[in-house]
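A short reminder: the numbers here are calculations on the coordinates, not readings from a lab. No experiment lies behind these values; they were computed from the predicted model shown. Here the Cβ is made from the backbone with ideal geometry for all residues, glycine too, and neighbour counts use every protein chain on show.
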Amino acid sequence: MAVNLRLTPEMASALQAEAERTGQSQQEILREAVSRHLHLVEEDQSAGDRDQARAAHVVRPARVPYRKVKPRLRLPEGTDSLDLLDRDDRF
């Protein structure tokens, strides 16, 4: 089920900071919080397979866990991506 959630600026900032600190996605953090609040998981139960894999050193946390992506390339004014795909030099 998809849900839209409006957070206060303080909550959004705290969520982003936690994502950066843990390497988890913001979605994972929110899912875990909802599961704990609804008592669907034990408080001492690990967050999931990812944490178990990290503990076993099977996977490593991301080097850059979260960052805002800024587009590097911009299309010229009046050009859209379909124009780029509809070129004569493509086979």
I need the phi-derived Karplus couplings for the range 15-30: 6.51 cos²θ - 1.76 cosθ + 1.60, θ = phi - 60°, integer Hz, Gly and Pro marked x. 5, 5, 5, 5, 5, 5, 5, 9, x, 7, 6, 4, 4, 4, 4, 5
When Glu77, Glu18 are ordered from fewest to most other Cβ atoms inside 10 Å of their Cβ, what list results? Glu77, Glu18
Distance in nm between label sites at Lys70 and Ser13, each 7 Å beyond Cα in the beta-carbon direction? 2.0 nm
